[in-house]
Structure formats: C-alpha cells, structure tokens
Amino acid sequence: MGRVGDIGLSVLAHALLFGLFAVSFQMTGITDQANPGTEQSVQAVAVEEAEVQQAIEALEAEEAAEQRRREEELAELEAEREREAERLAAEREAAEAAEQARREAEAEAERQREAAEQARREAEAEAEAEAEAERQREAAEQARREAEAEAEAERQREAAEQARREAEAEAQRRAEREAEAQRQAEREAEARRQADAEALREARGTYDAAIRQRVEGTWTRPAGIPDGLSALVAVRLGPGGIVLSVEVARSSGNAAFDRSAVTAVRRADPLPMPDDPDLAQPYREGIEMVFAPDA
C-alpha cells in the first residue's frame, strides 16, 4: 500500500512539472508575441523564470518531503517489522518457555510420580520386610516357646522316667521283700502244711489203721479163695462214722473176695471217725482203703 502511494505521488509530481513546462512554453509564446526589449517582454521572462524556479523548488521540496515521508514510513515499517519480529520472537520465546516449563513440569511431575512410586515401593518393601521380620520374630518366639515346652516336657519325661524307675525300683524292692515275705510265708505255710500233713497223716494213719483193723476183724474168709488177695475199697462215712456207701474201686480179681470185703465194711459199721472236722472231712468225702487181711 505504501509503495503504490509513493508511485502515485511521483506521477503527480511529474505531471505538475510537465504542467509548469507547458505553462512556461505558453508564456514563452506570449513573450515571443511581445515585442522584444519592451518592459512587457522583460516582465514576462522574469515571471516565467520565477514561476519555473518556484515550481522546481516546490517540486523538489515536495519530493524531499515525499522522500522523508517514505523514509519515515519505511522506518515505521521497519520498526513495525522489528516490533512484530520482537513480538513473534517474544511469543516464540514465551511459547518455548511455556513448552519448556510444561516439559519441565511434566518431567518434574513424572519425577515426582516416579519418586512417589519408588517411595511407595520402598514403603511396601519396608512394610513387607518389617512383616517378614515380625513373622520371623514370631516364628523364633514360637520356636523358643516350643523348644522350652519340649525341654520342659523332656524334663517332665525324664522326671517321670526317673520317678518311674525309682517307683519300679521301689516296687521291685517291695516286690522282692513281699516275694521274700511270701516265700517265707509259703515256706512257713509249707512247713505248717507239712507239719499238719504229717500230723494228719499220723492221725489218719491212726484212724486208717483202726478202721482197717475194725474191718478186718469183721471179715469172714470165703471158702476156697487163695491167699494174698487184695482189693481197693472206697468208703464214705457220715457223722459218728456210719458207713454211707462202700464199693470196690479196684477188684482183686476174685468176686467172692471182693464181696467179702464189702460185707466186712458194712459189718464194721460204725467205723472209727475223728472228732476234728478237718480231719474227718476226707472220710466224709470218701476214702480208699486197701483190703488185704492176709498181708
């Protein structure tokens, strides 16, 4: 727009200059029509030269003004371009600074996120380590308690075992004492039994001999029987020596001799009977007597 205006002004100045030349040419024609050397002629020439000079000066002044204006406009345009460039540069710098700040903010935010994440992981790791340490402490404490319990149980087992051994030893000693006492009692009882048996044998021997003598005293020897026969006779007595039953337990081989033995026992009724119940008990239960009158 400024360059088009400059061209228009230049064209206008040249048109004015041509107009002045045309006026000057006309004035020259008029001057030529005046008589040479006359006052009118001199005035016309002076007017013409002055007007031309004024026109030239005006044109030069106008061109100088136009030149200054163009220079000012160019300077203004240059200043405007510089301002625009500065504005654009400032905007670019601001945009770059903002972008840099944004990137730095994002980087800082990312660093903070990474730091927070790292701190979280470290906190989790620390918490896990603390939990693991706590688990290990609890496990160690549990192991210690179990070891103490096991040791206490072992002590109790050892004490129980010691007590058991001592009890067994005491029981063994007591059992040995009791066994010895039992053996002693058994020996004494055996001695008493033997003494009682001996006494019983002696007593029974006395009664057995009396019974045998009594039975043999009532025996009638059957005719025709050989000498030296014997039979085993089972006899059961009742109170007072009464004969409850009599039978041949082992035959002599001679029926007449066997019958004579049974008859002899029945004829001897009642038989001698001990008053002592213990001594009389075998006779009540039944005794076996060898019947051999010829022996």
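Just so you know, all these numbers are worked out from the coordinates, no wet-lab data involved. It should be emphasised that the depicted structure is a prediction, and the values quoted were computed from it without experimental measurement. Please note: Cβ atoms are built from the backbone with ideal geometry, for glycine as well, and neighbour counts cover all protein chains shown.
Tally Lys/Arg at +1 and Asp/Glu at -1 over every other residue whose Cβ is under 14 Å from the Cβ of E106; what's the total?
On the way: positive: R102, R103, R111, R113; negative: E99, E104, E108, E110, E114.
For residues surrounding E106, the net value is -1.
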For a label point 7 angstrom out from the Cα of I242 toward its Cβ, which stretches of the stretch 252-295 have the backbone nitrogen within less than 11 Å?
270
Ranked highest first by average number of other Cβ atoms within 10 Å, how do 200-208, 266-274 line up?
266-274, 200-208
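Stretched out fully, how many nm does the piece from A256 to L232 gain, at 0.36 nm a residue minus the Cα gap?
Details: separation 24, 0.36 × 24 = 8.64 nm, distance 1.41 nm.
Stretched fully, the A256-L232 segment lengthens by 7.2 nm.
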Projected onto the charge dipole of the stretch 190-291 (unit charges on the beta-carbon of Lys, Arg, Asp and Glu, signs +1, +1, -1, -1), the Cα from A264, A209, G286 with the largest positive-side position is that of A264
Please give the per residue volume of the convex hull enclosing the alpha carbon atoms of the stretch 208-262, rounded to a whole number of Å³.
84 Å³
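Grab the Cα-Cα distance for E130 and L77, subtract it from 0.36 nm times how many residues apart they are, and report the gain in nm with one decimal.
Working: separation 53, 0.36 × 53 = 19.08 nm, distance 7.46 nm.
Extending this stretch completely gives an extra 11.6 nm.
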Computed over the Cα atoms of the stretch 190-291, the Rg and Dmax in Å are 14.5, 50
For the peptides 252-258, 65-71, 176-182, what is the packing order when you average, over each peptide's residues, the other Cβ atoms within 10 Å and list the highest mean first?
252-258, 65-71, 176-182
For the pair D294/A181, report the inter-label distance in nm, with labels modelled 7 Å from Cα in the Cβ direction.
6.1 nm
